[in-house]
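This report refers to the structure that appears directly beneath it.
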Ligand code: GUN
Ligand code: ZN
């Protein structure tokens with residue numbers, strides 16, 4: 001076994017931060033992590049491991065850096081990199097003016113293929129090792145994305161977008177095409193290596209009833225698929241959806257009526273849900289993708305995270321690029337903090353990191369594979385280094401403990417903070433780091449999660 005050993009400060013989650021703050025977060029100030037054949041083989045206090053016979057001289061020693069699990073992006077659109085930062089519109093006009101025209105370009109297979117490679121690289125550069133992804137309504141764009149993710153060895157869930165009305169003709173499929181193209185992609189890609197398939201109706205407003213029925217049929221035919229869509233993002237969208245589905249009792253019910261509602265359903269946004277809709281999400285065990293960057297950029301509204309928490313609805317953090325303005329989940333965490341501040345619910349750093357790692361893995365039913373650094377899990381991990389960027393480095397000099405340090409990463413840090421990304425144990429990104437910095441010493445307190453949550 002050719003084991004890679006990294007001795008560093010290490011932080012990850014053993015459990016749900018919101019449920020058990022005392023034991024959830026583990027911070028090892030002088031830790032050693034080992035990985036081989038794509039999996040984590042060792043996670044231990046370095047001195048204890050040495051006493052048990054480990055030869056630490058073979059480990060790379062990075063005491064000033066911080067190892068954490070790879071970030072998971074629970075909702076992102078691969079074809080929308082060219083839409084990011086498009087001015088002046090709210091959701092429905094933004095879709096028509098910028099997004100649909102950009103997705104139309106993916107009719108060209110070369111554009112689609114190049115974008116898929118670029119997108120996967122961009123995720124890895126930001127420390128995102130796993131994602132749940134929308135492609136376009138062109139089946140080949142899903143094919144290209146899976147190919148690129150497979151080459152990178154990434155754990156990724158994606159699906160061809162289903163849309164057969166209320167968008168430009170060139171983007172529309174039909175219920176029949178939705179069925180056949182999705183089934184072919186599922187047969188080829190679902191469960192292949194680290195890849196999985198999500199049935200992906202764009203949102204209720206761009207699918208006919210016949211197409212939503214097809215989506216429900218796919219989920220019945222293949223019960224271990226995921227389902228991803230958008231829900232309750234924008235007030236105008238909600239009113240429009242109600243006018244298209246007068247028979248539905250509310251927005252969520254447009255999906256429920258077709259069986260698009262279950263434990264493997266992930267709904268993006270969920271900003272304006274009624275209490276009844278929240279409760280039905282909880283009862284189904286469905287998850288919410290919290291997209292703060294997107295919600296602020298499009299002026300969609302402020303998620304009521306506290307209300308979802310009160311009902312134990314799993315929430316995962318997401319960029320929602322291209323409405324979101326960055327693929328970097330550290331930036332999403334900072335935006336999530338601001339959204340929660342405006343709801344008088346100060347989001348602590350442990351909570352934000354949890355929603356991007358173990359919490360996201362749980363929400364996406366991937367916990368047995370990824371989400372933390374327990375031995376046996378797939379070796380998706382990051383080396384964070386706050387010394388590479390002068391302003392962050394200066395802020396870190398004033399941090400008194402790991403709680404303050406994590407909070408600095410999520411509010412001031414960004415993709416430059418990610419020095420390395422490992423995917424299944426393979427180095428997928430490495431930038432030259434500024435290493436030992438005498439100005440910034442590793443925090444000395446062995447922070448308990450209670451301290452972090454405080
Ligand atoms: N609702 C339907 N499609 C989209 C999309 O592409 N982005 C966002 N933010 N919301 C949507
Ligand atoms: Zn989206």
A chain fully extended from residue 50 to residue 242 at 0.36 nm per residue, minus the present Cα-Cα distance, gains in nm 62.8 nm
For the peptides 46-52, 243-249, what is the packing order when you average, over each peptide's residues, the other Cβ atoms within 10 Å and list the highest mean first?
-> 46-52, 243-249
Spacing of the two label points (7 Å from each Cα toward its C-beta) at residue 367 and residue 105, in nm | 4.1
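Only bridges with both residues in the chain count here: give the DSSP antiparallel percent, nearest 5. Walk me through the numbers before you get to the answer.
Working: 28 of 61 bridges.
Counting only bridges with both partners in the chain, antiparallel ones make up about 45 percent.
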Mean Cβ neighbour count within 10 Å, used as a protection proxy, ranking 367-376, 9-18 highest first = 9-18, 367-376
Among 337, 222, 197, which comes first, then next, by fewest other beta-carbon atoms within 10 Å?
-> 222, 337, 197
Prolate/oblate/rounded label for the stretch 83-140 (Cα gyration tensor, a/c 1.5) = oblate
Inter-probe distance in nm under a simple model that places probes 7 Å from Cα toward Cβ, at residue 221 and residue 23 | 4.4
Pull out the extension gain between residue 37 and residue 176, defined as 0.36 nm times the separation in residues minus the alpha carbon to alpha carbon distance; nm, one decimal.
-> 45.8 nm
Taking 121, 414 and counting other C-beta atoms within 10 Å, the order from fewest to most | 121, 414
Note to self: Kirkwood Rh of the stretch 28-79, Cα pairs, one decimal, Å, is 13.2
Computed over the chain, the relative contact order (Cα-Cα under 8 Å, seq sep at least six) in percent reads 20
Model label zone, residue 404; criterion: amide N under 19 Å from point 7 Å along Cα-to-beta-carbon; scope the stretch 319-350 = 347-350
Protection proxy (average C-beta count within 10 Å per residue), highest first, orders 164-175, 90-101 as 90-101, 164-175
What list do you get for 84, 132 if you sort them by fewest beta carbons within 10 Å?
-> 84, 132
Under a plain spin-label model, where a point goes 7 Å from the Cα along Cα-to-Cβ, how far apart in nm are residue 16 and residue 151?
-> 4.0
Gain on full stretching of the segment that runs from residue 279 to residue 96 - 0.36 nm per residue minus C-alpha separation | 62.6 nm
Distance histogram for the chain (every C-alpha pair counted, 20 angstrom bins, percent rounded to whole numbers) = 27, 57, 16, 0
Mean separation of Cα contacts under 8 Å, 6 or more apart, over the residue count of the stretch 50-116: relative contact order % | 31
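FYI, it's all coordinate maths here, none of it is from the lab. Just so you know, these numbers come straight off a predicted model, no measurement behind them. Ideal geometry is used to build each Cβ from the backbone, glycine not excepted, and the neighbour counts take in all protein chains shown.
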